[in-house]
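What follows is a set of notes on a single structure, which appears directly below.
The values are calculated or read from the model by the stated rules, or taken from the named source; none is laboratory data. Predicted model, so just to flag it, every value in this text is computed and none were measured. Cβ: placed from backbone, ideal geometry, glycine included. Neighbour counts: every protein chain shown.
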């Protein structure tokens, strides 16, 4: 779901509006894809847990750190993205 706070859809569908998709395919705006924040968090998590020799992860900390990294990426992106 795209919003105006700097957290757009990660994989927007060009050429289609949410209204057209809703009418033509019976989907909801929430089904149009993951947010960019979720995508960034997933990529950060992938990096955090990719150390095969490290200790077993504490999943609540991994999740918290992943979203903290995503928030930092969105903040930095807002400073440079003029679109």
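List of remarks:
- Evaluation of residue 59 against (1) closer than 25 Å to residue 78 by Cα; (2) out of contact with any strand residue (DSSP E or B) (no Cβ under 9 Å at 6 or more places or on another chain); (3) at pLDDT 85 or above (one fails), failing number: (1)
- Checking each residue in segment 57-83 for being within 13 Å of residue 7 (Cβ to Cβ) and not in a helix (DSSP H, G or I) picks out only 81.
- Taking each residue of segment 43-56 that is assigned to a loop (DSSP other than H, G, I, E, B) and looking for partners that are surrounded by 10 or more Cβ atoms within 10 Å (Cβ to Cβ) with beta-carbon atoms closer than 7 Å, six or more apart or interchain, yields 49/57; 49/62.
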